[in-house]
Structures are given as C-alpha cells and as structure tokens.
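Quick notes on the structure that follows.
The numbers here are math on the coordinates, done by the rules we state, and not lab data. What you are looking at is a predicted structure, and each value in this text was computed from that prediction instead of being measured.
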Amino acid sequence: MQRIFEELALLAVINPQTVANTNITSGWVDASLYHELAAQLSLGDMASETIDFKIEQATSSGGAGAKTLKASTQLAANASNNDNKQLQIAVTTDKLDSANGFKFVRLNAVTGGATGGPASGSLWGRPRFRPAAQAATVLETAYL
C-alpha cells in the first residue's frame, strides 16, 4: 500500500504572511514531473478587499513568459465572508502550454487593496514516479 505522502509531494509554499496589493508568490517548480497539481490558499482575518489566487506557468525556473494557468474565482470584497476560508485549485499538467515550452508553475496571491490580511498557500503534486520527493522545507513525515 502506498502511503499518502508517497503519492503526494509538497512542491512549494507561500509562507504565512499578509497578502496585500503586491503579489506574493511561491518558488517555481518543474511540473513535468507530475500528473496533477493541487493548490490551496488558507485565509485568516481578511480585510474587506477582493482576493485573487492562481497557479501561473512559465518557460523557465526564473519565470520567463509567466502567465496564468488557472485562477480561482475572485472573492468579492467582504471582510467577514472571506475570513478563515480556503481557496483551492486543481489542474492536470496536460493543461500546461507545453507546445510553447511552458513547464514551470508557481502560486500567486494578491488582494485588491493595500490593507490585506494573513494567508498561506501550498502546492501539491501527484508525481509521475514514486515515491514522491517532498520539498526541502518538510522537516518530518510521521506515519501511524
């Protein structure tokens, strides 16, 4: 039996921080090593502003030609309806613009104003080859 963290790899994160009107992003990841990607943005006590969350694609690990692969529905400005909620995105890597050399992905989050609120994000992948290799920031994986 495959264990869950042998089948899912934590690829990149947006560390907990205030998301305001400046994009916060994770690092770029080579998505060609994965069948499927899943992303989540966890919101804290948000200001009354719009919230955008997306997975971007690029042709290099430096972000060349970056463009949106998939975005979550923009949350409307509402201070209480967006508090302590999550946004999720799932995509298969065959949706990448691979014909034009796009194979790198990252997370991107931004609000519509300067106030913002706390959030953190994670990008997971279902690898083509197992066991999954976790991000270097994973300190321990414990099983029962």
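Give me the Å³ per residue figure for the convex hull around the C-alpha atoms of segment 1-77.
It is 127 Å³ per residue.
Enumerate the calculated ³J(HN,Hα) couplings along segment 24-30 in order (Karplus 6.51 cos²θ - 1.76 cosθ + 1.60, θ = phi - 60°), each rounded to whole Hz, writing x wherever the residue is Gly or Pro.
10, 9, 8, x, 7, 10, 6
Given segment 80-143, what whole percent of its Cα pairs are spread farther than 14 Å?
75 percent
Cut-off under 22 Å on the C-alpha distance; same-chain residues fewer than 8 positions from residue 67 excluded. Which lysines are left, in chain and number order?
54, 95, 103
Using only the Cα atoms of the chain, what are the Rg and Dmax in Å?
15.5, 48
Name the residues whose placed amide hydrogens come within less than 5 Å of the amide hydrogen of residue 83, ignoring near sequence neighbours (fewer than 5 apart) on the same chain.
It is 46, by chain and number.
Let me check against my output: what whole-number percent is the relative contact order of segment 4-126, with C-alpha pairs under 8 Å and at least 6 apart? Don't jump to the answer; show the numbers that get you there.
Working: 331 pairs, mean separation 58.6, N = 123.
Reported relative contact order: 48 percent.
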